[in-house]
Structure formats: structure tokens, C-alpha cells
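Just so it is clear, none of the values below were taken in a lab; they were calculated from the coordinates. Note that the structure is predicted; figures quoted are calculated from it, not measured. Backbone-built Cβ (ideal geometry, glycine too); neighbour counts: all protein chains shown.
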Amino acid sequence: MRDPEFKIKNFKEIFSTNQKAKELALSGTAPWTVIAAEKQIAGYGKEKVSWFSPQGGLYFSIILPKSKIEDLQTLTILAAFIVAKTINDNFSLETLIKLPNDVLLNQKKVAGVLTENIIGKDVRLSVLGIGLNTNIEKFPKELENRATSLKIELGRELNNKKILKKIFKELKEQLKTISE
Amino acid sequence: MKLKLKIKGKEREVEILEEGEDKVKIKVGEKEFIFGKEKEKKGISLIQTSIPRRDFSKKEIKAPIAGVISEIFVKEGDFVKREQKILSLSTMKMENEIVSDFDGKVKKFLVKKNQEVKEGETLIVLE
């Protein structure tokens, strides 16, 4: 079903979806716009630690409506819960949330959430980035023991677009209370 | 801006504050004097001609949230513009870019990289 409210900008390859989302938000792109990429050249997580982002994974950021900073803190945790719930409900896998922002499967990282804000006297803009290892077949040696993907766990290819829409819908539903 | 001036042989603390557009409030002890364009026309405001038109209010940038200073983008003596990125503040759940609310020169940097700061703590002072 087509959702007229679902606005998405797709990129084949991007430096980082959060970076792009911040740029776009600064130049006036509307809240709830999704920026998705098939591949990130310099994807990163908390404290700018790089996030392995090859083709196959699901990488997207959402421009958020302006909110209070305390609400945004809750939001990061909430987003991790939604990602975990989406995996549990749709693929019957048992996830574990490593607070505040990582989702684990078999004690290995499968997804991460990073909220970034630009703040002056008030919150100028906020973006929420999600990296989910969906169709990644293999991780480099140094990550093998720490990261996994849904494809590795399930043994089959998944539809990234469908998963993105499910997470987005759930997030928007949960975040109705945080609005401009 | 606070100054110590000798007035009639006595040292007094004089504070100069901005009071809306084209108005300057001068506090001498507990007494307040407001100088503006209108008064200037009447020839009262002798002192105002020697005051440059600028923002005299306190230009401090405070931590909007508790966290750790992860990156600093300016240094003391730098001129910064409104909306310019000053530093990054990491919290357990978020990365925050703190931008300046003012144009001005960085007078004092009160924090260092990797320092923990509390909500409301002054990070830098501009002049």
C-alpha cells in the first residue's frame, strides 16, 4: 500500500545517511523525510566509531520534527526497541537490546541507532540514523565475532524496503507525541 | 560589560547593558540610566557617543545537556558567527553539535576535550 506521507530520498552510495540528512534538514527538507543508501562510504555510530556499511545492509536516517532534548534521549532507546521488535515479530528471531542503542542477535551486533542533534538556544534539528545488517553475507575478520546479519541468521535474502517501511511506520506511530 | 570607574574621586562599578535596539542601559551601583536615540536628540546623552554600538549582553554558550566534550572546533581568539559549529557533545544516547547563538570573538574556553560537563554549565564565553 502506498503511503503518501512516506517521503524517501534514495542514494546508491553516500558518505553517511546521517550527514546527508543533516545537510538536507538545514536546507529546509521537511521532517519525516527518509534518506536511505545502498552503501555508506563512511557510516558511523556512537562517538564516530565507523559502521561497516557495504551493499546489502539497510542504512537510513530520518529527519525528525523539532523536539525537546529530553524527548530525543528517550527516542534513541525507543528506536532501538522498535528495530528489535521488528526483527522479533517478522523473523521470529530473539534479539537483545544493548542499551542505549544497539541490537544484538546471538550476542553479535545486528543493528545500531544514532541520533544526532544540532543545538543552539534550542534544538535546531535532529536526525535519527539506523544501520541494520540485513543482507550482508560476510563480515571482515575483525568483525566476524562481533557482528551478524539477518541473512546469516536466517539463511535467506530479505526485502530492505519492506523492513524500512515497517520500522518507519512504527517509529512515526510511537513518536506522535513528539511534534513541532 | 562591567567597568570600574572613578567618579568624583570614588571608585564605582559601572555596568553597561543593551536595552533593546539603539538603547543602552548603564548601571552605576543601584542606579540605572537609559540612553537612547530620543535622548540623544535632546542632547542628554553625552556618554553614548563614545560607546560603540554592539551587544553588551552576556555571550555565553552553555551545555544544553550533560555529556562529554568529544570535539572542539574553535579556539580562544577565533571569531565565530551565529550558527557556527563550536563543539560536539556526546551523551550516552546522542551526538550533539553545539552551535553559537552569537557573532563574536572567543574570549574564554572553559572546557577541554573529553571533559564531562553538566547541563547548564558554561562552555565558552564570547565578547
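Computed from backbone phi, the HN-Hα couplings of the range A:87-104 come to 5, 4, 5, 8, 10, 6, 10, 9, 9, 10, 9, 9, 4, x, 9, 10, 10, 10 Hz, rounded to whole numbers (Karplus: 6.51 cos²θ - 1.76 cosθ + 1.60, θ = phi - 60°; Gly and Pro given as x).
Taking the square roots of five times each eigenvalue of the Cα gyration tensor of the range B:60-126, the equivalent ellipsoid has semi-axes of 19, 11, 10 Å, listed largest first.
For a label point 7 angstrom out from the Cα of B:ASP78 toward its Cβ, which stretches of the range A:17-46 have the backbone nitrogen within less than 19 Å? From the range A:17-46, the list is empty. Rg/Rh for chain A (Cα atoms only, Rh after Kirkwood) is 0.94. Annotation: amide H of A:GLY120 within the under-5 Å range of B:VAL99, sequence separation 5 or more or interchain, hydrogens built in the peptide plane. For A:TYR44, the residues whose amide H sits under 5 Å from its own are A:TRP51, ignoring neighbours fewer than 5 places away on the same chain, with H placed 1.01 Å from N. Under the combined filter of DSSP loop state and at most 12 neighbouring Cβ atoms within 10 Å, the range A:106-142 retains these trypsin sites (Lys or Arg not before Pro): A:LYS121, A:LYS138. Close amide H pairs (under 5 Å, H built 1.01 Å from N) link B:SER70 with B:SER88, B:LEU89, B:SER90, B:ASN114, residues at least 5 positions away or on another chain. Computed from phi, the 3J(HN,Hα) profile of the range A:31-45 under the Karplus parametrisation 6.51, -1.76, 1.60 (θ = phi - 60°) reads x, 6, 6, 9, 10, 10, 9, 6, 7, 10, 7, 9, x, 9, x Hz, with x in place of Gly and Pro.
Within the range A:30-108, which GluC sites (Glu not before Pro) sit in a loop by DSSP and count at most 14 neighbouring Cβ atoms inside 10 Å?
Of the GluC sites (Glu not before Pro), the ones in loops of the range A:30-108 whose Cβ has at most 14 other Cβ atoms within 10 Å are A:GLU94.
The string of couplings for the range A:60-71 from the Karplus curve (6.51, -1.76, 1.60, θ = phi - 60°) is 8, 10, 10, 6, 9, x, 5, 9, 6, 4, 5, 5 Hz, one whole number per residue in order, with x for Gly and Pro. For the peptide A:117-127, the mean number of other protein chain Cβ atoms found within 10 angstrom of a residue's Cβ is 5.
How about the range A:110-170: which GluC sites (Glu not before Pro) there lie in a loop by DSSP and see at most 15 other Cβ atoms within 10 Å?
Passing sites in the range A:110-170 are A:GLU137, A:GLU157.
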